[in-house]
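Notes follow the structure.
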Amino acid sequence: MPAQKSDLPQGTLDLLILKAVAPEPVHGYAIAQRLEQVSRGVVQVPEGSLYPALHRLENRGFLSADWKKTETGREAKFYRLTRKGRKQLEAEAVSWQRLTEAIGLILGMGDGGAQ
């Protein structure tokens, strides 16, 4: 059964892009592929969302980019995490973890309140 596509909460895409770029420089299409593969098809980022987010992250100094040839020989912009971007990724990851734990607690409540 194919995974059901899920809409990302506001601001989550930036965090996922920073995480996808953290290991090594990568071009936009490969970022989208990596997110889809790792999420088992649940996270699918359309170009119309991905490239504006990449430009926003680059403008904020979280990513830097260089033009290079891809595996297929085409020119593409390869993004890499900056020092500022790594700090942002760490801060957002901690915040996201805290939020998901809190939501898990709330969802674990019985109908009569907290257990």
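Bear in mind these aren't lab numbers, they're just calculated from the coordinates by the rules spelled out. The structure presented is a predicted model; accordingly, all values stated were derived computationally and were not measured. Cβ coordinates were reconstructed from backbone atoms using ideal geometry, including for glycine residues, and neighbour counts include every protein chain displayed.
Membrane-span-like helices in the chain, defined here as complete DSSP H runs extending at least 30 Å along the helix axis by their C-alpha atoms with mean Kyte-Doolittle hydropathy no lower than -1.0, are 83-107; this is a sequence and geometry rule, not a statement about a membrane. Taking other C-beta atoms within 10 angstrom as a stand-in for reagent exposure, Asp7, Asp66 fall in the order Asp7, Asp66, fewest first. The count of lysine pairs in the chain whose Cα atoms are under 14 Å apart, excluding pairs fewer than 8 places apart on the same chain, comes to 4.
Placing unit charges on the Cβ atoms only, positive for Lys and Arg and negative for Asp and Glu, gives the chain a dipole magnitude near 460 debye about its Cα centre. Taking only the C-alpha atoms of the chain, Rg followed by Dmax gives 16.7, 61 Å. How high is the relative contact order of the chain? Use alpha-carbon pairs under 8 Å, at least six apart in sequence, and give a whole percent. Value for the chain: 26 percent. Neighbour counts of other Cβ atoms within 10 Å put Ile106, Ile17 in the fewest-to-most order Ile106, Ile17.
Peptide packing: for 20-33, 87-100, the average count of neighbouring Cβ atoms within 10 Å per residue gives the ranking 20-33, 87-100, highest mean first.
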